[in-house]
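Let me begin by presenting the structure, written as structure tokens, before commenting on it.
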Amino acid sequence: MSDTTPGDGSSGTGEGTRAVRAGLPEPVKHEPTLPGPVFAAHFHLPGDPTGPYTYGRDENPTWTLLEQAIGDLEAPGADGVETLVFASGMAAISSVIFSQLHAGDAVVLPSDGYQVLPLVRAQLEAYGIEVRTAPTGGDAQLEVLDGAKLLWIESPSNPGLDVCDIRRMVEAAHARGALVAVDNTLATPLGQRPLELGADFSVASGTKQLTGHGDILLGYVTGRAGEAMTAVRRWRKIIGAIPGPMEAWLAHRSIATLALRVDRQDATALKVAEALRSHPDVTGLRYPGLPDDPSHKIASQQMQRFGCVVSFVLPSRERADAFLDALRLVDDATSFGGVRSTAERRGRWGGDAVPEGFIRLSVGAEDPEDLVADVLRALEESAL
Ligand SMILES: Cc1ncc(COP(=O)(O)O)c(C=O)c1O
């Protein structure tokens, strides 16, 4: 059996270097660079049941390497940080929220966050936990923070792309004894490192740009090792929302190209946003990388990259549908972050407070000029 102890192969300083080497074990002669997925429900375990590998719901060597890789990107060089992988982003989110909160506690959620959060809210309230909400923009969550045990931030928010001042929020929350979790899905760890901004947890869906091919569901939590992370690990065991070894291995393989993908996709997203800015039928354009975006100032202080999602509003639901129909290089599909561009009329789900003509466009790895031309052509054709 190969030695799957993670090596220090990620110690190169550049982000691209770290991404390609993240979580790789020390080289072993005749073994692959990234060991293949370990398919095991149980491991040989004579005598006392001690780790590292006992039962497949608790640990798996393929997760160990992936967790090391994600940790290397979320908190490079940090000691005492732990990462846990999950079956989906929601599994990761729920594991933090439900492991930290108990009846009688209060939590602050964003009112403009991912559209499953209202379902989480209903469940929390059913368990006797007080839920307060406020918008991401303007750091409005601070106004309802007193007495809360957990502050949940989503910055940039999905789909509105508002940004809050994470460092400021963390300072205020910690001063009141609250823990802070940041949903880092949209930024990816190459776009934003919440632990360095002081947060206790960085939580994300790995389904999106982290893995980038639209073919895996995955989630993770990175946090400071200690009581809070022990509770998250315990919750993963209770709930059993673990990734399959194949998904974990595919995710690790995909992380090697993360820097290439985010550089390409995020740069093209800016070009698409710039092209949309001057179109007379486009309103409400949001992209944190645009210098005149309301989020740009704070985003440029705390983010290294601004993400691959651009949001905007077309005059009506019919116009938005016609635009989506006219696109040739952009699939009408939900989710975001993949190498193939996708877009959707977000209002079709009914969960977000957005206008009927609101479009969320996820920019892929196509040639920028092809994508910009396709978007502009679809805008013209849909106006007819
Ligand atoms: C910001 C954000 N967080 C969490 C999730 C949930 O992730 P998953 O679909 O992997 O459960 C999503 C999914 O769209 C998301 O956009």
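Just a few scattered comments:
- This model, with +1 at the C-beta of Lys and Arg and -1 at the C-beta of Asp and Glu, gives the range 259-382 a dipole about its Cα centre of some 440 debye.
- The range 121-260 - accessible surface per residue (Å², probe 1.4 Å): 36
- Within straight-line cross-link reach of Lys297, aspartates and glutamates at Cα separation under 16 Å, skipping those fewer than 8 residues along the same chain: Asp139, Asp162, Asp165
- Averaging over all projection directions, the Cα-based convex hull of the range 259-382 occupies 7.1 nm² in the image plane.
- Choice from Asp48, Asp165, Asp215 showing the highest fluctuation, given a GNM over the chain with Cα pairs closer than 10 Å: Asp48
- Scalar couplings 3J(HN,Hα) for the range 83-92, obtained by applying the Karplus form with A = 6.51, B = -1.76, C = 1.60 to θ = phi - 60°, are 10, 10, 9, 9, 5, 6, x, 5, 4, 5 Hz; x denotes Gly and Pro.
- Semi-axes of the equivalent ellipsoid for the range 1-149, Cα gyration tensor, largest first, Å: 37, 21, 12
- Ranked order, Ser316, Ser300 - accessible area, probe 1.4 Å, largest first: Ser300, Ser316
- Lys, Arg +1 and Asp, Glu -1 on Cβ, resulting dipole of the range 36-95 about Cα centre, debye, nearest 20: 260
- Which of Ile242, Met90, His102, positive extreme of dipole for the range 15-255 (C-beta unit charges): Ile242
- Check: the range 15-255 dipole with +1 on Lys, Arg Cβ and -1 on Asp, Glu Cβ, in debye: 360
- Taking N as its residue count, the alpha carbon Rg of the chain over 2.2 N^0.38 Å: 0.99
- Compared with the direct C-alpha span, the chain from Lys237 to Ala126 gains 37.7 nm at full extension, assuming 0.36 nm per residue.
- For the chain, relative contact order (Cα pairs under 8 Å, six or more residues apart, normalised by length) works out to 16 percent.
- Gyration tensor over alpha-carbon atoms, the range 69-161, equivalent ellipsoid semi-axes in Å: 23, 17, 14
- Structure remark: mean-square fluctuation, Gaussian network model of the chain, C-alpha springs under 10 Å; the largest value among Gln115, Gln301, Gln265 belongs to Gln301.
The values are calculated or read from the model by the stated rules, or taken from the named source; none is laboratory data. As the structure is a computational prediction, the values presented were derived from the model and not from experiment. Cβ coordinates were reconstructed from backbone atoms using ideal geometry, including for glycine residues, and neighbour counts include every protein chain displayed. The protein model used for the area step is the full one, side chains on, heavy atoms only, and it has no ligands, DNA or RNA in it. Shrake-Rupley method; radii C 1.70, N 1.55, O 1.52, S 1.80 Å.
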